[in-house]
Amino acid sequence: MRSEVDPLTQIFAHVLDNIPVSEGKYPEQLKKARNNLLSPDREYLKDKNIFIDISNITADLPNGRFYTIYNNIRFEMLFNYKKGLPLIVVLNGSKTSMYPEFKRWSWYTFFQGSMLNIADPMYDLYKDLNLGWYFGNDKVDIRRVIVDMILQITAYYNIPNKDIILYSSSGGGAACFEIASLIGGGCTCITINPQIYIYDYYYAPFFERITNLKVGGKDEFERNNTEYWIKRKTDVKYIFIENLASRCDREDIYKLAKNFRIDLKYGLTKKDNIIVWTYEAETDTPHGAQEEYCTYFQIFFLRKLFDDDELIERYRNLYCLFSEQWRKQWALINTNEHADREIREVQLSKQIEKIIDDFLISPTNNDFNNAVLFDCLAPRTTYTIEFYGIKLLGTTSKIVTFGVKDKLQNKLIFRKDIDIVNDGCVISICTGARADSLEVKIYAGQAFHTNGVSLSVQKVII
């Protein structure tokens, strides 16, 4: 079915449109408009200890933080209301700071809808957990509880199910498929680099050990069965945005495409109730090379295309261009970040400074379990570090994080996640003008995910 109005005209509507650039008006008006778009009020994040009974809403929800207790579970939420627009429900992925986290919270300024951001209560229930998937336990499926709460809110605001959008990435995305399917009614599920098959994800054994819950096998609530939920409700619009440069995400979308007989193409591919947009952003951590505010509008625009196959075909080449811009953007980000660190990868160096035999990092409960390899770096000097006989135990992952830390700043100024090939790897770096406070580190696996992992190396040559 052809649309009467070309929806492309709505992709960035009412944002930076019709701003005069004549003398005396530019650039102040443009700066003001952009600041309005990109300057969130941090008061939204302040915890004012406001309780809302979601099961009995009698007044408008407050803009900002509040909490509710639903089905005996405490949920921390962040809300922003825009009258007459869809409700965008944002779920969150891995824990990277103190609970509760509200990722993408600042986007309420340009979201094309109201925002309901729900922190994952799994991190409150299981303190050592770093990835929760809104899973629940043997008796309660947290995702179904979230469905009930969403429908209570949309009933109060008279928002139809077709105007409910689930929007998330990574671990938050993993929960969206079930929630969208249970809501139904033509709602939309948008996920960026989600864990489609959580039982295949490297964190699954850590999750099982910490929670004493099974991720694989038969689950009463089908929480590990993305394909079931997609097939269950064919009126739900599922939009996958996948970085082909990320191995875990690439393998997930390949498996989904095979099982659904989708002939994937670079850019847009549509079949039945699924749209897949593939891009390729090469970075040190490609899984995290996700969208920013301009790309959000391109993603959100896919909702308008969903029911018009002719328009999707017409714009397929445009989305190939968007994918290339995405790739170029992250290449520039990578280049700038490496330049700012004043340390970079270089070609191999031959002079041997140090040899370490039978190097070992024992397992701990620390998600940043690491050891210092070398802490006497010279300025403007090339170092090549060779690893032989690397073994990881306690994880199915083959990724090891290599880093250079500035002790004065107390932060990593260089990080590289290395995919181990043939139990070894080589990396070369060049220091900048200041190197006296630097130290070379290696992690027991991937940083953020070293809990319970041990690393052994037969030989390290620096």
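Altogether, the Stokes-Einstein calculation at 4 °C and 1.567 mPa s, with the Kirkwood radius of the range 181-229 over Cα pairs as Rh, returns a diffusion coefficient of 105 µm²/s.
Centre-to-centre separation between the Cα atoms of the range 192-214 and those of the range 5-75: 33 Å. For the range 176-187, putting each phi into the Karplus relation 6.51 cos²θ - 1.76 cosθ + 1.60 with θ = phi - 60° gives couplings of 5, 4, 5, 4, 5, 5, 6, 6, x, x, x, 5 Hz, in residue order, rounded to whole numbers and with x for Gly and Pro.
Two numbers describe the Cα atoms of the range 34-76: Rg and Dmax, which are 13.3, 42 Å.
Taking each pair of different alpha-carbon atoms in the range 86-128 once, compute 1/r for the pair, average those values, and report the inverse of that mean as the Kirkwood hydrodynamic radius in Å to one decimal. It is 11.2 Å.
Take the Cα of Thr96, step 7 Å toward its Cβ, do the same at Asn410, and the gap between the two points is 2.0 nm. Under 5 Å from the amide H of Cys189 lie the amide H atoms of Leu166, Lys237, Tyr238, Ile239, each residue being 5 or more positions distant or on a separate chain, with H modelled from the backbone and absent for Pro and chain starts. Overall shape of the range 410-450 was characterised from the C-alpha gyration tensor. The equivalent ellipsoid obtained from it has semi-axes of 22, 14, 7 Å, in decreasing order.
Reported value for the range 255-321: 101 Å³ per residue, from the convex hull of its C-alpha atoms.
A helix-only calculation puts the chain at -8000 deg cm²/dmol for mean residue ellipticity at 222 nm, using -39500 (n - 2.57) for each DSSP H run of at least four residues, averaged over all residues. Here the alpha carbons of the range 187-321 define both size measures, Rg and Dmax, at 15.6, 49 Å. Sequence-distant contacts, meaning Cα pairs under 8 Å at least 6 residues apart, place the relative contact order of the range 82-135 at 42 percent.
Note on Glu313 and Leu213: the model spin-label points, each 7 Å out from Cα along the C-beta direction, lie 4.4 nm apart. The value for the range 105-250 of Rg(Cα) / (2.2 N^0.38 Å) is 1.03. For the chain, give me the percentage of DSSP beta bridges that are antiparallel, rounded to the nearest 5 percent. Among the beta bridges of the chain, antiparallel pairing accounts for roughly 70 percent.
Label reach from Asn56 (point 7 Å along Cα→C-beta): in the range 142-162, no amide nitrogen lies under 11 Å. Comparing Cα centroids, the range 439-462 and the range 89-138 end up 29 angstrom apart.
With viscosity set to 1.002 mPa s at 20 °C, what whole-number translational diffusion coefficient in µm²/s follows for the chain from Stokes-Einstein and a Kirkwood radius over Cα pairs? This corresponds to a translational diffusion coefficient of 89 µm²/s.
For the chain, the solvent-accessible area of protein heavy atoms averages 47 Å² per residue (probe radius 1.4 Å; ligands and nucleic acids excluded).
Across the cross-link table entries Lys231/Lys255; Lys237/Lys328; Lys162/Lys271, which are compared at the Cα atoms, the separations over 23 Å belong to Lys237/Lys328. Once Rg and the Kirkwood radius are both taken over the C-alpha atoms of the range 1-108, their ratio Rg/Rh works out to 1.08.
Annotation note: trypsin sites (Lys or Arg not before Pro) in the range 358-462 located in DSSP loop regions with a Cβ neighbour count of at most 16 within 10 Å are Arg380, Lys398, Lys407, Arg434. Under 9 Å from the Cβ of Asn225, count the other residues' Cβ atoms, weight Lys and Arg +1, Asp and Glu -1, and hand me the total. Surrounding charge for Asn225 is -3. What separates the Cα centres of the range 239-256 and the range 177-191 is a distance of 20 Å. Computed from point charges on the beta carbon alone (+1 for Lys and Arg, -1 for Asp and Glu), the dipole magnitude for the chain about its Cα centre is near 200 Debye. Once the C-beta distance of Asp138 and Glu23 is scaled by a Förster radius of 51 Å, the resulting FRET efficiency is 0.15 to the nearest 0.05. The value of relative contact order for the chain, using C-alpha pairs under 8 Å at least six residues apart, is 11 percent. Carbon-plus-sulfur accessible fraction, the range 381-462 (probe radius 1.4 Å, protein heavy atoms only): 50%.
Report the one residue of Ser106, Tyr315, Val421 whose Cα lies farthest in the direction of the positive end of the charge dipole of the chain (charges on C-beta: Lys and Arg +1, Asp and Glu -1; origin at the Cα centre). Working it through, the farthest residue towards the positive pole turns out to be Ser106. The 3J(HN,Hα) values that the Karplus relation (6.51, -1.76, 1.60; θ = phi - 60°) gives for the range 431-445 are, in residue order, 7, x, 6, 10, 9, 5, 9, 8, 9, 8, 10, 9, 9, 6, x Hz. Gly and Pro appear as x.
The values are calculated or read from the model by the stated rules, or taken from the named source; none is laboratory data. Treat the numbers as computed from the prediction; the structure is a model and nothing was measured. Don't worry about glycine lacking a Cβ; one is built from the backbone with ideal geometry, like all the others, and counts go over all protein chains shown. We work out accessible area using only protein heavy atoms, side chains counted, and drop any ligands, DNA or RNA first. Shrake-Rupley method; radii C 1.70, N 1.55, O 1.52, S 1.80 Å.
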